[in-house]
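Notes follow once the structure below has been shown.
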Number of protein chains: 2
Amino acid sequence: MSKSFSVTILGSNSALPTSERYPTAQVLNVSERFFLIDCGEGTQVQLRRNRIRFSKINHIFISHLHGDHCFGLIGLISTLGLLGRKNDLYIYAHPDLEKIMLPQLQYFCKELPYRVVFKSFDHANSELIYSDKHLEIYTIPLVHRIPTVGFLFKEKAGEKKIKKEFVFKYQPSIKEILSIKRGEDYYTKEGELIANNDITLDPPKVMSYAFCTDTRPSKKIIDLIKGVDLLYHEATFLNEDKKLAHKTYHSTAQQAAGIAKKAEVGKLLIGHYSTRYRDLSLFLDEAKSIFTNTQLSKEGDVITIS
Amino acid sequence: MSKSFSVTILGSNSALPTSERYPTAQVLNVSERFFLIDCGEGTQVQLRRNRIRFSKINHIFISHLHGDHCFGLIGLISTLGLLGRKNDLYIYAHPDLEKIMLPQLQYFCKELPYRVVFKSFDHANSELIYSDKHLEIYTIPLVHRIPTVGFLFKEKAGEKKIKKEFVFKYQPSIKEILSIKRGEDYYTKEGELIANNDITLDPPKVMSYAFCTDTRPSKKIIDLIKGVDLLYHEATFLNEDKKLAHKTYHSTAQQAAGIAKKAEVGKLLIGHYSTRYRDLSLFLDEAKSIFTNTQLSKEGDVITIS
């Protein structure tokens, strides 16, 4: 459906940032509309480095209220105000975020020239939280120490396109055009049947992206993310530390790859690496042994789905 | 008095960070004790990049409660907790900071293994807010849109040292040693006077640093910062924008240099540049035309005073 569908990695690390690896933040670009997913400290600087125009971001999705996923919000909100933003900014998150942010906004952003609108949702069940002409966004309940959700971004199927030659030759009425777009065949004035397939082009393929962090590996998400084109699944630990992963409600690279395989996704992107690991190639090797089409997320990467 | 006395610039910019210029944060190193001054977003990453060990920071000084001077606190406090810090952390700031931070600490840092101790002070008058064996820190009331102070770091004068040859030859009593250190002359058993200057070495020169941001140029600070070795004074604007500087309660490079000149400081360091300017050499040229020994602050700079 879209001209562009890509994810830019602003932060790939877990809670402790290093000098190169930032806490979680990503931007999904759907036909030049930008959706910010999580907002760790430093997100605004990373947006600048990746030349993403602040004004194009109208919707921010926060997976859960651990600091490494939301400490960058207040700085970004403040900066958007200094830049003279007028459009409402929507933040989708646990309802506690509004309670925590409001006193800060009232103190630090008294003269904000735009509205920040907090949207909350049920964390226990998948829910449609956003819908426009082209895109739907659903929550994906995850299993972490505090209420946490992932987000599923699904393009809506477009309409069939009617071939120009047909329109030119038969000059169908508007009513006929709508019925052809719905998939019906066409009858000429002479009563001749023309099969729908012969006079239409299929709509462009719809793309989908699932973002799942932080979480233990959860079989319950498999149906929700079945067959997505790209899955981001956290891989905080290596398999050698799987007890620690379980204890802290995180996943290993192997477990992330297992979920990708069971959900038959197109591609797996992993991240949220614990700072204890220096050599990230170990994550890639571990995941690839289960699910070949895996990629490490790194700051500045743009993963295009086509 | 000290083996080292240096300032590391973590952030040199004003409110809108760029991809290279961070909001305000500096570290003063006084003989390997590190004092953090202001804490804009990204300070913890900048500390890592400059290889300053987090555990060496026990005292943080916040000039005022605009976000570009304190949005990095929550991330830094949280990270210190994840690193297992045990020592109390002291934060010197306007009393409102504690009110704003406490709900965040209670929510995001429930299991913090150390105490955060907030210290506040009178913003209208200069006050001694910290004192140890080697160092005193005073506030410097500034003129900004909200209550704002600078900080004056002054080493305490050390004692005179008694020359070894003298001690070896005359074997003075402890009482005599103390009186010599106070500057008194010595009388041998034969009643011969030995002048204090002949048997003592002066203590090392004491160093001083004054940090002044954000502020209109203020004559009232001149007596407080008179003769400091190094003055950091904000220069948000160039002289061509001095009306805007006045309106927003900031200074121009020319005004910063004028303060440095009147206060007869050793060296001037400028920063807090508005993002509107790309070429910072214009700030340097403007300041140097008034006060020659001026330096631009830039991320990663270490300014050593000796």
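The values are calculated or read from the model by the stated rules, or taken from the named source; none is laboratory data. The structure presented is a predicted model; accordingly, all values stated were derived computationally and were not measured. Counting neighbours? That spans all protein chains shown, and the Cβs are built from the backbone with ideal geometry, glycine included. Only protein heavy atoms, including side chains, enter the accessible area calculation; ligands, DNA and RNA are left aside. Shrake-Rupley method; radii C 1.70, N 1.55, O 1.52, S 1.80 Å.
Brief remarks follow.
- Too-long pairs where the Cα-Cα distance tops 28 Å, listed order kept, from B:LYS154/B:LYS261; B:LYS154/B:LYS243; A:LYS243/A:LYS267; B:LYS160/B:LYS262: B:LYS154/B:LYS243; B:LYS160/B:LYS262
- Alpha carbon Rg of region A:1-92, scaled by the compact-globule rule 2.2 N^0.38 Å: 1.02
- Portion, in percent, of the accessible area of chain B that falls on carbon or sulfur, probe 1.4 Å: 50
- Average 1/r across all pairs of distinct alpha carbons in the protein assembly as shown, invert it, and you get the Kirkwood radius: 27.6 Å.
- With label points defined 7 Å past Cα in the direction of Cβ, position A:GLY191 shows copy-to-copy spacings of 15.0 nm, given to one decimal and shortest first.
- Dipole in debye (nearest 20) - chain B, about Cα centre, beta carbon charges: Lys, Arg +1; Asp, Glu -1: 360
- Check: region A:1-158 dipole with +1 on Lys, Arg Cβ and -1 on Asp, Glu Cβ, in debye: 560
- Amide H partners (placed H, <5 Å) of A:PHE61, local residues excluded: A:LEU36, A:ILE37, A:ASP38, A:TYR92
- By definition, a body whose alpha carbon gyration tensor gives a ≥ b ≥ c is oblate when a/c is 1.5 or more and a/b is not larger than b/c, and region A:69-143 fits this oblate description.
- Comment: the Cα-to-Cβ extended label point of B:VAL117, at 7 Å, lies 4.8 nm from its counterparts in the other copies, nearest first.
- Based on the reciprocal of the average 1/r between different C-alpha atoms, the Kirkwood radius for region A:38-180 equals 17.8 Å.
- A Cα-only calculation for region A:115-155 places Rg and Dmax at 11.3, 35 Å.
- Separation in nanometres of the label points that stand 7 Å from Cα toward Cβ, at A:ASP96 and A:LYS262: 2.7
- Remark: region A:216-229, residue by residue, has Karplus-estimated 3J(HN,Hα) of 5, x, 10, 5, 5, 7, 4, 4, 5, 9, 3, x, 4, 5 Hz, where x stands for each Gly or Pro and the curve is 6.51 cos²θ - 1.76 cosθ + 1.60 at θ = phi - 60°.
- Diagonalising the gyration tensor over the Cα atoms of chain B and scaling each eigenvalue by 5 before taking the square root yields semi-axes of 39, 26, 17 Å, largest first.
- A Cβ-based charge dipole, computed about the Cα centre of region B:161-201 with Lys and Arg at +1 and Asp and Glu at -1, lands at about 280 debye.
- Proximal lysine pairs, region A:161-201, alpha carbons under 18 Å, eight or more residues apart or interchain: 10
- A:GLU155, A:GLU190, ranked by accessible area, largest first (probe 1.4 Å): A:GLU190, A:GLU155
- Beta bridges by DSSP in the protein assembly as shown, antiparallel share as percent, to the nearest 5: 55
- The distance separating the Cα centre of region A:126-152 from that of region B:1-70 comes to 38 Å.
- Rolling a 1.4 Å probe across the protein heavy atoms gives chain A an accessible surface of 46 Å² per residue.
- Accessible surface ranking for A:TYR187, A:TYR170, 1.4 angstrom probe, highest first: A:TYR187, A:TYR170.
- Projected area averaged over orientations for region A:161-201, convex hull of C-alpha atoms, nm²: 2.5
- Alpha carbon Rg of region A:55-106, scaled by the compact-globule rule 2.2 N^0.38 Å: 1.11
- For A:LYS205, the distances from its label point to the matching points in the remaining copies are 7.2 nm, ordered from shortest, with each point set 7 Å beyond Cα toward Cβ.
- Protein-only accessible surface order, largest first, of A:GLU20, A:GLU299, B:GLU41 at 1.4 Å: A:GLU20, A:GLU299, B:GLU41
- Accessible area (Å², 1.4 Å probe, nearest 10) - A:PHE237: 10
- Share, in percent, of DSSP beta bridges within region A:44-177 that are antiparallel, nearest 5: 60
- Counting DSSP beta bridges with both ends in chain B, the antiparallel % (nearest 5): 55
- Of A:LYS86/A:LYS119; B:LYS56/B:LYS119; A:LYS56/A:LYS133; A:LYS110/B:LYS298; B:LYS133/B:LYS219, pairs whose Cα-Cα distance is over 21 Å: A:LYS110/B:LYS298; B:LYS133/B:LYS219
- Per-q log10 I(q)/I(0), region A:122-229, q = 0.09, 0.19, 0.20 Å⁻¹ (Debye; single scatterer per alpha-carbon; no solvent): -0.41, -0.89, -0.95
- At least 50 Å² accessible surface lost relative to isolated chain, residues of region A:17-63 (1.4 Å probe): A:PRO17, A:SER19, A:GLU41, A:VAL45, A:ARG48, A:ARG49
- Buried surface for the A/B pair, taken as the accessible area of each chain alone minus that of the pair with a 1.4 Å probe, is close to 2800 Å² in total.
- Under 5 Å, built H, 5+ apart or other chain: amide partners of B:THR294: B:LEU268
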